[in-house]
Structures are given as structure tokens and as C-alpha cells.
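Here's the structure we're looking at; comments come further down.
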Amino acid sequence: MPAHMLQEIASSYTTTTTITAPPSGGLQNGGEKVEKKSLYSEEDIRPEMKDDIRDPNYEDEEGPAPELEYVWRNIILMGLLHVGALYGITLVPTCKVYTWLWVLIYYTVSGLGITAGAHRLWSHRTYKARLPLKVFLIIANTMAFQNDVYEWARDHRAHHKFSETHADPHNSRRGFFFSHVGWLLVRKHPAVKEKGRLLDMSDLKAEKLVMFQRRYYIPGLLLLCFILPTLVPWYCWGETFQHSLFVATLLRYAAVLNATWLVNSAAHLYGYRPYDKNINSRENILVSLGAVGEGFHNYHHSFPYDYSASEYRWHINFTTFFIDCMAVLGLAYDRKKVSKAAILAKVKRTGDGSYKSG
């Protein structure tokens, strides 16, 4: 990319809405020059969005956990997918170069459908998007096939609000396997259903595009996640049907799934907690590499309203770079960013001592 374009993208960063440290924050003389006259505190940056903020008062009810109820359909389908993906790995060396490029592009675009779309835009409302970008992200999200945006956002808001409790859909206290994939193979804990029904989802119910995707999700995912990625290599550059199916579709899909799941599992179990040692989410660089920028998880749970989901902007964070590019094109705007003063105040109050300013 030409240097002048990178400079233009970088300069667009100053148009974000900066979140200042709350009046009761730790730094007395902290703060920095901010970019907008209209500032918000951490408490009211998104007056319409509160259900992704952790509820410190919620605790699990005492008593034995309910018995696991296996969803055998999901177990069988997930098993077949991963067997197919493992076979696909053996075919990778004999794929055509165009097929490798196709897989990389499809992986990245579908990943953005989760990270820039379902996660940062629709779950957390960390920035706003114009219709063309929303259409792109809803298509990309359907390509990823990880439930429709409405269901994904509902589960994710519950994960933030009731993190590490039975009301958290992928509670990491139940172990790596459960938080990684096991939660999809069993019936939801009653607390997940109970608390999930109480979340305010009116913002997404009012989004026609999100509701359209939800209504036609099954035919959409069949076309975009399975049929299209198989037919394009086979038809357009003569790849074998075997390579197209097992590499471009099954292996690629399994890779996107596991990269996303690692945010729920590895990034809640392994890594540092420089911002808040009282929560389980961690900073995990390897997860960020696979999940196009979502591995700075201790920061994200500390500041879920930051559009970058990280303090460090483009550092191992392709999703932030993508959103900034969209801002230059006028398709993304009102990006929320936490000020340095608020970050340092949080580090001073609750960090584990591993913080390094960069």
C-alpha cells in the first residue's frame, strides 16, 4: 500500500471519540489532548448499550450443577467436519496456488465478519457503519457460519456481563475443552437461558439487515460457507473437487472456527492480565494472530467499548486496520477509543504488574 494512503489512514485515527478516565480514576494529573469537544466518561460513552458491561454483583447459585445433556447432532457434525479438515491438511501440498490464495482470502473475510462485524460493531457498538459496510460484514459473517449475528451477539453480551459464571455460555471455569468447543456440544446451562432472555437486544431487533440475515440464515450459510467456496476453485481454475471440498471448504471453515474459539478458551486461561488481575481474560498474542486481532483479551474485557479491542492499534490487529481503512472511505465512523489516562488509571488500580507501555 502506498505510503501516502497509510498516512491518510493513520490520520483518520484522530477522528475517534476518546473516552476519558472517570472523575474518580487513579491519575490526578493524567490525561492527554483529546480529539473531540464532546467527551464521555467510561460510564456514559454508550448510554444505549449497557448489557456488555460485567455485572460484579452476579454470582452463581449454590447447589449441584445440572447434568450435561449432549446434543448428538452437533457432536456428529463437528466430528465429521474435523475429520474432513484433517484429511484436507494432507491435500494442502498438492493444491494449486490460486486455491491457497482463495483459502487465505476467504479465511480473512469470514474472520472479519466475526471480528469487525458480529463482535465490534453489533455486539459492542464500538463504532458505527454505513449500509455498504454493513452489507459486506453481514455477508462475511454468514460466510463464517458461527450462528447469525443476533444469536452471536446475545451469547457474547451474556459472556461479558456474566463472565466466568454459569450464565456465561462458554464459561472457562469449566475447562479448556468446554470453553473451546464443548459448550456447543451440550444443552445450554439454565442460567444462560434465563439471563440471556433478560438482555436488552432491542438495538439488533431494530436492525433490518440483522433480522434479514436471521430469517434467511440457513440458505445463506449453505451457499456462502459450503457451496461457493467449493465451486469457485473447481470451476474457475480447474482445482480438483476433492481439493476444493476438503481444503477450500472444510479445512478453511474448521480453521476459522478454532481461531475464534481460542479467544474463549486460550485467551481466558493463558497469558498476562496487565489491566485487571481480577478477571480471567488474558493477553494472548498467538490468539491475536489467528483471530485477526482479538487476542488482547484482558484489555477487551476491561474496556469492551474500545473499537480496537486493544491499546496498541494496528499491532497484530488486522481488524482495527480494516476498520480504519473503512473510516477513510467514509464507511465507518464514531470509533470509540479509551484515553491513555483511563488505561493507566486502570493499570494502577487492578493490573497484575506485567504492563508495558508501547
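The values are calculated or read from the model by the stated rules, or taken from the named source; none is laboratory data. Keep in mind that what you see is a predicted model, and the values were worked out from it rather than measured. As a convention, Cβ positions derive from the backbone with ideal geometry for all residues, glycine included, and neighbour counts pool all protein chains shown.
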* Asked: Does segment 57-80 hold any residues that are in contact with a helix residue (DSSP H, G or I) (Cβ under 8 Å, 6 or more places away or on another chain) and over 17 Å from V186 (Cα atoms), and which are they?
  -> Y58, D60, E61
* Residues of segment 237-251 being in contact (Cβ under 8 Å) with a residue 24 or more places away in the chain and surrounded by fewer than 16 Cβ atoms within 10 Å (Cβ to Cβ), which ones? -> W237, G238, Q242
* Asked: Looking at segment 214-236, is at least one residue out of contact with any helix residue (DSSP H, G or I) (no Cβ under 8 Å at 6 or more places or on another chain), modelled with pLDDT of 95 or more, over 17 Å from S110 (Cβ atoms) and of a type in the set (D, E, K, R)?
  -> yes
* Within the set of pairs 6+ apart or on separate chains, which have a first residue in segment 282-307 that is touching a residue at least 12 places away in the same chain (Cβ under 8 Å) and closer than 20 Å to R125 by Cβ, a second that is among the β-branched types (V, I, T) and not in a helix (DSSP H, G or I), and C-beta atoms under 6 Å apart? -> H301/I279; F303/V338; Y305/I45; Y305/T126; D306/V338; Y307/T126
* **Top-ranked residue in segment 267-291 [being hydrophobic (A, V, I, L, M, F, W, C) and surrounded by 24 or more Cβ atoms within 10 Å (Cβ to Cβ); ranked as farthest from F176 (Cα to Cα)]** => A291
* State yes or no: is S163 out of contact with any strand residue (DSSP E or B) (no Cβ under 7 Å at 6 or more places or on another chain), small (G, A, S) and within 15 Å of D51 (Cα to Cα)? => yes
* Does any residue of segment 328-351 turn out to be closer than 27 Å to H180 by Cα and either assigned to a loop (DSSP other than H, G, I, E, B) or without any contact (Cβ under 8 Å) to a residue 24 or more places away in the chain (or both)? -> yes
* Asked: Does segment 267-274 contain at least one residue that is touching an Asp or Glu at 6+ places or on another chain (Cβ under 7 Å), at pLDDT 95 or above, assigned to a helix (DSSP H, G or I) and not basic (K, R)?
  -> no
* Structure fact -> In segment 166-190, anything crowded, with 21+ Cβ neighbours inside 10 Å and either more than 21 Å from E294 (Cα to Cα) or over 20 Å from the mean Cα position of the chain (by Cα) (or both) is listed as H166, A167, H189
* Can you confirm whether segment 212-224 contains a residue that is assigned to a loop (DSSP other than H, G, I, E, B), within 21 Å of the chain's Cα centre (by Cα) and buried (at least 18 other Cβ atoms within 10 Å of the Cβ)? => no
* **Residue in segment 55-71 that is surrounded by the fewest Cβ atoms within 10 Å (Cβ to Cβ), counting only those that are within 13 Å of K195 (Cα to Cα) and at pLDDT 85 or above** => E59
* **segment 271-320: number of residues that are acidic (D, E), more than 17 Å from T260 (Cα to Cα) and in contact with a Ser or Thr (Cβ under 8 Å, 6 or more places away or on another chain)** => 2
* Could you please tell me which pairs satisfy a Cβ distance under 9 Å, a separation of 6+ or placement on different chains, a first residue in segment 62-90 that is free of Cβ contacts under 8 Å to residues at least 12 places away in the same chain, and a second residue that is of a type in the set (S, T, Y) and part of a loop (DSSP other than H, G, I, E, B)? => none
* **Candidates T260, T320, filtered to the one that is modelled with pLDDT of 95 or more, within 26 Å of L184 (Cβ to Cβ) and of a type in the set (V, I, T)** => T260
* **Filtered residues of segment 280-318 (kept if in a strand (DSSP E or B) and either on the phi > 0 side of the Ramachandran plot or touching a Cys at 6+ places or on another chain (Cβ under 6 Å) (or both))** => none
